[in-house]
Amino acid sequence: MGLTIHYKLSARKDWSSEKVRQWLEIMADYARHLGCESVGEIQHAVMRPDVTEVRFEKATKLQKKSAHAEDGWLITIQTGDGCQPTILGLCKYPGWRSAWNGHRWTEIPSGLPSGWTFGWFCKTQFAGKHGPAHFIRCHKSVVSLLDFCRKAGLDVTVRDEAGYWEKRDEGELMKVLRRNEALLAAFGGLLKDMTESQRGRKIKSPIFDYANFEHLEHEGWERFGKIFAPLQKCAR
């Protein structure tokens, strides 16, 4: 829960594995130029199955299976404190997979895209703990990294929950941040009150660590109180 940038990258042409790695070297230099907090080492995708796993439906649609990248390269960039890392890269996934049809194992299409592709997300919301200016710098840095991917010739699809990718309006970004901080504080405070009365249960959230949490919580109730009122009554 919180403002997040979702993105998908794909190569228009069939790049070589070496070209993908070289592109990420350029991305690493650009991230340092932006002033990102840290830039990780370029890693072979097969070393990061937690990141390169893609889920797809089984032929019977009864359960989900997973597939790991056959090849690819990744880099992890930390734009700033409180912001989730931005993972960039390109991977290739298998076009076929083994499936049990009730009698024997057989090969069926995986349904995964061919060519170089990668999709991930970055939650920027809690960079706001360190002030609006820090949040804006982190959020804009992620957008700048994705802009640079597009300049490198990649197809870039972005869903920015804050709307900045489309509007590029810093004033509007500030308003969206404040609204979401108030919403999270009010909702988080309500959940905290509901769980504190239950022995052994405790709710945690980064929003509770904000220096102005109580002020945000009050503002949230003023703005969204009508939404939370029924839930508050149930809690009582």
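Only the coordinates and a few stated rules stand behind these numbers; no lab work does. The structure presented is a predicted model; accordingly, all values stated were derived computationally and were not measured. Reconstructed Cβ throughout: ideal geometry from the backbone, glycine too, with neighbour counts over all protein chains shown.
The local environment of Tyr164, defined by Cβ-Cβ distances under 10 Å, has a net charge of -3 under the rule Lys, Arg +1 and Asp, Glu -1. Taking other residues whose beta carbon is less than 12 angstrom from the beta carbon of Arg137, and scoring Lys, Arg as +1 and Asp, Glu as -1, yields -2. Extending 7 Å from Cα along the Cβ direction at Arg159 and again at Ser144 yields two label points whose distance is 2.7 nm. State which entries of Lys92/Lys151; Lys19/Lys129; Lys129/Lys175; Lys8/Lys202 exceed 27 angstrom in Cα-Cα distance in the structure shown. Over 27 Å apart, Cα to Cα: Lys19/Lys129; Lys8/Lys202. Scoring 222-228, 117-123, 140-146 by mean Cβ neighbours within 10 Å over their residues and listing the highest first yields 140-146, 117-123, 222-228.
Converting phi to 3J(HN,Hα) with the Karplus coefficients 6.51, -1.76 and 1.60 and the offset θ = phi - 60°, region 147-161 yields 4, 5, 4, 5, 5, 6, x, 8, 7, 10, 10, 10, 10, 9, 5 Hz in sequence order, with x at every glycine or proline.
Among Glu217, Glu18, Glu172, sorting on how many other beta-carbon atoms sit within 10 Å of each Cβ, with the fewest leading, yields Glu18, Glu172, Glu217.
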